[in-house]
Amino acid sequence: MRHLRSFFRLTPGERRLLLRATVLVSIARIGLRLLPFATVMQVTRKLALPGRVPLPSDDAPTVAVAHAVRRAARLVPGKTRCLPRAIAAQQLLQGMHHPSQLRIGVTIGE
């Protein structure tokens with residue numbers, strides 16, 4: 001019930017972004033267990049509808065997307081690790097015509 005109340009306190013643009021993020025995090029999480037990585041990226045790219053999502057005037061797209069993906073990960077049952085969240089964030093940013101890159105790997109200290 002608490003999640004529902006906080007959802008309706010959001011602006012319409014924030015609600016849309018949260019719903020998109022929840023769908024993408026869910027699809028990425030399930031997809032990574034069942035499908036090859038390239039297929040997951042292709043499916044989520046198609047689901048991240050292109051177009052601008054109204055954002056609060058003080059938020060940059062990266063901040064709004066990061067916040068929405070963080071909230072969405074808490075709504076998806078089970079533990080959502082960083083890769084599904086990163087995929088969702090990257091696809092949302094691309095859908096908003098904001099350049100982004102998904103980098104996977106580990107760096108050894110310099």
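Couple of notes before you dig in:
- Restricting the first member to the range 70-90 and to residues that are at negative phi, and the second to residues that are part of a loop (DSSP other than H, G, I, E, B) and open to solvent by 20 Å² or more (accessible area, probe 1.4 Å), the beta-carbon pairs closer than 7 Å and six or more apart or on different chains are ALA86/LEU102; ILE87/LEU102; GLN90/SER100; GLN90/LEU102.
- Qualifying residue in the range 42-49 (condition: more than 18 Å from ARG103 (Cα to Cα), open to solvent by 60 Å² or more (accessible area, probe 1.4 Å), outside any helix (DSSP H, G or I) and modelled with pLDDT under 95): yes
- Looking only at the range 80-97, residues that are open to solvent by 60 Å² or more (accessible area, probe 1.4 Å) and assigned to a loop (DSSP other than H, G, I, E, B) come to 2 in all.
- Qualifying residue in the range 55-64 (condition: open to solvent by less than 60 Å² (accessible area, probe 1.4 Å), in a helix (DSSP H, G or I) and at pLDDT 85 or above): yes
- In the range 1-40, residue surrounded by the fewest Cβ atoms within 10 Å (Cβ to Cβ) [restricted to those that are touching a helix residue (DSSP H, G or I) at 6+ places or on another chain (Cβ under 9 Å), over 20 Å from LYS79 (Cα atoms) and touching a residue at least 40 places away in the same chain (Cβ under 8 Å)]: GLY13
The values are calculated or read from the model by the stated rules, or taken from the named source; none is laboratory data. Everything quoted here is computed from the prediction, not taken from an experiment. Here the Cβ is made from the backbone with ideal geometry for all residues, glycine too, and neighbour counts use every protein chain on show. Just so you know, the surface numbers come from the protein's heavy atoms only, side chains and all, with ligands and any DNA or RNA stripped out. Shrake-Rupley method; radii C 1.70, N 1.55, O 1.52, S 1.80 Å.
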